[in-house]
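The values are calculated or read from the model by the stated rules, or taken from the named source; none is laboratory data. In this text, all values refer to a predicted model and were calculated from it rather than measured experimentally. Glycine gets a Cβ as well: all are built from the backbone with ideal geometry, and neighbour counts include every protein chain shown. Calculation scope for accessible area: heavy atoms of the full protein, side chains included, ligands and nucleic acids excluded. Shrake-Rupley method; radii C 1.70, N 1.55, O 1.52, S 1.80 Å.
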Amino acid sequence: MVGRLGERVPPENLTLARVLDGEEVVEPNVYEIEAFDGERRIVRAEGMPIRDESGDVVRGVATLSDVTERREAKRRLEESERRYRTLVENFPDGSVGLFDENLEYTATGGQLLEEVGVGMDERVGESVYDIYPDEFLEEIEPYFGGALDGESNSFEVEFYGRHLHAHTLPVRDTEDETFAGMVVAQDVTERREYERKLEESNERLEQFAYAASHDLQEPLRMVSSYLQLLEQRYANELGEDGREFIEFAVDGASRMREMIDGLLEYSRVDTRGDPFEPVDLNRVLEDVREDLQVRVEQSDAEITVADLPRVEGDTGQLRQVVQNLLDNAIEYSGDGPPRIRVSARRNAPDQGSLTDPPRSVSERNEWVLSVSDRGIGIDPDDADRVFDVFQRLHARDEHEGTGIGLALCERVVERHGGEIWVESELGEGSTFSFTLPTAADDA
């Protein structure tokens, strides 16, 4: 091995040559060599001379150690630390901090600190007890302590004159033991201000919708009433065309009133809904079938219902969803009698999605409810459009409706934290599915 080293490395750098010259090589010398297998290796060489009684060097001892893997690990660690430092220092619109069991920061950074005039390493070595005021500390201390206990938490606080959305989480070693904590804070001040303005805008929109509904209803009723009165008093003089024109006008006023009522209902889903509570969907469906009894009998509809679950929600709004979906299934049944099936399937986190929807279904403890029919179906290219306000895919003179029903369903389901989608083919029927959270006491 020494000879091979001699062939590969300049003689003046050889540890053994230096040793034989009487030099004790204490500081390791590192060389890159080509090993017998052809691989490039990094070795560390140390050595010392052996002297006789007169002090002359008679031989030397050299030790070669392969440190290739150690050097590579060190390089990877340094790269990782550089990446981490770059991430921390440039963390956008927020800050990142690592803290130990004494709640002392061991690393900090982020653009937020720079914006408020705190140096990148200024917090390092300081405890949260030294940095933050008592009232703020009282608010955040449980989350910091929870991270050291292995918990992850999210919370919102006001600090630095900003609204912060923060996460605390444990930092674990290779044996999955928590040895430190991390806090990540994002500045959401602008987003909160935007949300506040949006809420104000929505409130004004709701007020406008209510005023428009209330103020327009009366003139519409007056138009309808006088048109009907005109028809009653002057029917013989109007003739067939005149009576038909009045009928069109009355029908138009009636449809406008329905659309205004639908818009008002749509605008109030978030602001005028009832608090969530456990809801038995079997009871909801019974009430809906009772409301639709005449329509079911006239169309000779057959509705098959599986046992339905209890969910967490607003009873009145969920009743609207079920009624709209059943009403649509009857309306678009085609030439034959409607054949409708209502079913439910559990979608638990450990099971994944039990359906294959075109939209993502969040993995949480929830139910997937479906209303299936054998009707005229929908072109798959129009699957998303059916949930748009006033969107009608079929001729108005062939099918009733205002074009708000499915949009209202979507908004109600979204208020409940769920999703709604349709799977359909033209002439093959449709299946409308939506997700709802499991009742709290059943979760």
Express in Å², to the nearest 10, the accessible area of Ser154 obtained by rolling a 1.4 Å probe over the protein heavy atoms while all chains stay in place. 70 Å²
Using only the heavy atoms of the protein chains and a 1.4 Å probe, how would Glu231, Glu206, Glu277 rank by accessible area, largest first? Glu277, Glu231, Glu206
Spin-label pair Glu297/Asp100, simplified geometry with 7 Å Cα→Cβ offset, distance in nm: 8.1 nm
Computed magnitude of the charge dipole of the range 206-322 (debye, nearest 20; Cβ of K, R +1, Cβ of D, E -1): 280 debye
If r is the Cβ-Cβ distance from Tyr234 to Asn282 and R0 is 45 Å, what FRET efficiency results, to the nearest 0.05? 0.25
Kindly report, to the nearest 10 Å², the accessible surface of Arg346 as traced by a 1.4 Å probe over protein heavy atoms only. 80 Å²
Under 14 Å, Cβ to Cβ, from Arg289 - net charge with Lys/Arg +1 and Asp/Glu -1: -3
Charge dipole of the range 229-337 built from unit charges on the beta carbon (Lys, Arg +1; Asp, Glu -1), centred at mean Cα; most positive-end Cα among Thr315, Ala253, Ser299 is Thr315
Go ahead and collect, in residue order, the members of the range 152-189 whose backbone nitrogen is under 20 Å from a label point 7 Å along the Cα-Cβ direction of Asp93. 154-168, 183-189
Accessible solvent surface per residue of the range 177-269, calculated while the other protein chains remain in place, 1.4 angstrom probe, Å²: 70 Å²
